[in-house]
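Structure record follows, encoded as structure tokens.
The values are calculated or read from the model by the stated rules, or taken from the named source; none is laboratory data. Model, not experiment: these values are computed from the prediction. With ideal geometry, Cβ positions are generated from the backbone for all residues, glycine too; neighbour counts draw on all protein chains shown.
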Amino acid sequence: MLRLLGGRLLIMDRLHKVGICSPSRCFGCLTPSPECVNHVFCTGDIAKLVWGLFEVMVGVFSTASTVRHKLINWWLKLVTGPYLRYIVQLLPSLICWNL
């Protein structure tokens, strides 16, 4: 999560900034689109599907366009019960890890 939020994941948009050039295509989308952090973890087809499934179960509905906003919406969600709060705080990290 620290590497994701710090922008230090090896995704094509970061590699282009340091001079490594190769085709940039998100393999999780039906239409070809450039691979960037927000696309892979928030706005891509697979990311929208996965986040949507968990948002319906937990009750967090956000229209965030960046992964930071989505994570903040989850982490600041008011829930009752210590176990449910733990799950709601842990789940975004697990979702991002699997994406």
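Need the failing condition index for Pro32 against (1) touching a Lys or Arg at 6+ places or on another chain (Cβ under 7 Å); (2) touching a residue at least 12 places away in the same chain (Cβ under 8 Å), just the number.
(2)
If you take the residues in the stretch 66-87 that are of a type outside the set (D, E, K, R) and in a loop (DSSP other than H, G, I, E, B), which one is nearest to His39 (Cα to Cα)? Let's see the steps before the verdict.
As a first pass, look at the stretch 66-87 and keep what is of a type outside the set (D, E, K, R): 66-67, 69, 71-76, 78-84, 86-87.
Then keep just the ones that are in a loop (DSSP other than H, G, I, E, B); that gives 66, 76, 78-81.
Details: Thr66: 8, Leu76: 22, Leu78: 27, Val79: 28, Thr80: 32, Gly81: 33 Å.
Residue satisfying both the conditions and the ranking: Thr66.
Would it be correct to say that Leu90 is assigned to a helix (DSSP H, G or I), at pLDDT 90 or above and under 21 Å from Gly7 (Cβ atoms)?
Numbers: assigned to a helix (DSSP H, G or I): yes; at pLDDT 90 or above: yes; under 21 Å from Gly7 (Cβ atoms): no.
No.
Pairs needed: first member in the stretch 36-59, within 22 Å of Cys21 (Cα to Cα); second member anywhere, β-branched (Val, Ile, Thr) and not in a helix (DSSP H, G or I); C-beta distance under 6 Å; at least 6 residues apart or different chains.
Val37/Ile11; Asn38/Thr66
Tell me, which residue of the stretch 66-75 that is surrounded by fewer than 18 Cβ atoms within 10 Å (Cβ to Cβ) and over 9 Å from the mean Cα position of the chain (by Cα) is farthest from Tyr86 (Cα to Cα)? It would help to see each step written out before you state the result.
Here is the first cut: in the stretch 66-75, the ones surrounded by fewer than 18 Cβ atoms within 10 Å (Cβ to Cβ) are 66, 68-69, 72-73, 75.
From the residues that got through so far, the ones that are over 9 Å from the mean Cα position of the chain (by Cα) too are 69, 72-73, 75.
Values: His69: 19, Ile72: 15, Asn73: 15, Trp75: 10 Å.
Within the stretch 66-75, the match that is farthest from Tyr86 (Cα to Cα) is His69.
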